[in-house]
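Quick notes on the structure that follows.
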Amino acid sequence: MTDKAVIVAHSGDLDKIYSALIVANGALSMGMDASIFFTFWGLQCLKKNGLDKGPLSRMNLLGLGKWMVKSRMKKANVVSLDKLMEDYKELGGKVIACEMTMEIMGIKEEELNSQWIDEYGAVGTYIMEAKDAKITLFI
Amino acid sequence: MTETNIDVRGQTCPVPLVECRKAIRKAAPGDEIIILGTHPASKKEIPMACEAMGLEVVEVDENTDKEWKIRIKK
């Protein structure tokens, strides 16, 4: 069986979603399988045009910090989150959306980027994904 | 046998690794992939990825302008 990395994306913060997608793409690039379970604030990122809408986890400064970091990233030629997600899907990465979060926050399926989502599930889905995983992270 | 060239000069983490993986997935056994890049960590990590996937690194070539070229055989 192929080694697997399973990530819980709980935070919707811009820097943390970057971490989740970079680690997941890294795992796929090293020949592993990868799944990301998007829950809570992380699930907000699956909304249409929502991937880069979160604040910075620190020094957001009402968006000024985020703007500065984004411009520094652009200068350093860091790819966009949309491109990372596109690559993640192309390499066979799996996206799971948390159903309970959808219920709590009143998010409907049609509000989400459903073309990215492979499965809608709850904690049991995460455990089944993670129990044989070599790497599991909560971000 | 076909040869695929990928140019990731100027690209940073994780693009060189990801583009390399994409090309490997598309290649047929026996095909060769040549990656040209400048990102320092990827020069080490692409051969690491190849080792993890059981692929042969035919050549790692470094020139003076911080550019490197890696040839992989699927």
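The values are calculated or read from the model by the stated rules, or taken from the named source; none is laboratory data. Computed from a prediction, not measured in an experiment: that's the story for all the values here. FYI the Cβ positions are ideal-geometry reconstructions off the backbone, even for glycines, and counts take in every protein chain you see.
Take residue B:46 and tell me if it is touching a helix residue (DSSP H, G or I) at 6+ places or on another chain (Cβ under 6 Å), under 24 Å from residue A:3 (Cα atoms) and either facing chain A (nearest Cβ under 9 Å) or not in a loop (DSSP other than H, G, I, E, B) (or both).
yes
Among (1) away from every other protein chain (no Cβ under 13 Å); (2) among the basic types (Lys, Arg); (3) in contact with a Gly (Cβ under 8 Å, 6 or more places away or on another chain), there is one condition residue B:66 misses while meeting the rest; what is its number?
Of (1) away from every other protein chain (no Cβ under 13 Å); (2) among the basic types (Lys, Arg); (3) in contact with a Gly (Cβ under 8 Å, 6 or more places away or on another chain), only one is false for residue B:66: (3).
Restricting to segment A:81-106, and then to whatever is touching a Ser or Thr at 6+ places or on another chain (Cβ under 7 Å) and among the β-branched types (Val, Ile, Thr), can you tell me which residue is farthest from residue B:38 (Cα to Cα)?
A:101
Out of curiosity, is residue A:28 surrounded by 20 or more Cβ atoms within 10 Å (Cβ to Cβ), modelled with pLDDT of 95 or more, among the hydrophobic types (A, V, I, L, M, F, W, C) and in a helix (DSSP H, G or I)?
yes
Could you tell me which numbered condition residue A:96 fails, if it satisfies all but one of (1) under 21 Å from residue A:133 (Cβ atoms); (2) of a type in the set (A, V, I, L, M); (3) within 14 Å of chain B (Cβ to nearest Cβ); (4) touching a helix residue (DSSP H, G or I) at 6+ places or on another chain (Cβ under 7 Å)?
(3)
Here are A:23, A:78, A:69, A:8: which of them is farther than 26 Å from residue B:40 by Cα and aliphatic (A, V, I, L, M)?
Only one candidate passes the filter, namely A:8.
Return the pair list, or none, for Cβ contacts closer than 6 Å from residues in segment A:74-99 that are of a type in the set (Gly, Ala, Ser) to residues that are part of a helix (DSSP H, G or I), at least 6 apart or on different chains.
Taking only residues 6 or more apart or on different chains, the pairs are A:93/A:24; A:93/A:28.
Mind listing just one residue for me: the one in segment A:123-139 that is surrounded by 15 or more Cβ atoms within 10 Å (Cβ to Cβ) and of a type in the set (Gly, Ala, Ser) and, of those, farthest from the chain's Cα centre (by Cα)?
A:133
For segment B:1-41, enumerate the residues that are more than 13 Å from residue A:77 (Cβ to Cβ) and either polar (S, T, N, Q) or more than 14 Å from chain A (Cβ to nearest Cβ) (or both).
B:1, B:2, B:3, B:4, B:5, B:28, B:29, B:30, B:31, B:32, B:34, B:36
Taking into account only those residues within segment B:45-66 that are out of contact with any strand residue (DSSP E or B) (no Cβ under 7 Å at 6 or more places or on another chain) and either modelled with pLDDT of 95 or more or over 18 Å from residue B:10 (Cα atoms) (or both), which is surrounded by the fewest Cβ atoms within 10 Å (Cβ to Cβ)?
Among those residues, the one meeting the criterion is B:54.
Within segment B:12-25, can one find any residue that is of a type in the set (Val, Ile, Thr) and more than 29 Å from residue A:134 (Cα to Cα)?
Checked segment B:12-25: no residue is of a type in the set (Val, Ile, Thr) and more than 29 Å from residue A:134 (Cα to Cα).
So which residues in segment A:46-93 are away from chain B (no Cβ under 12 Å), surrounded by fewer than 19 Cβ atoms within 10 Å (Cβ to Cβ), within 13 Å of the chain's Cα centre (by Cα) and in a helix (DSSP H, G or I), if there are any at all?
Residue satisfying the conditions is A:82 alone.
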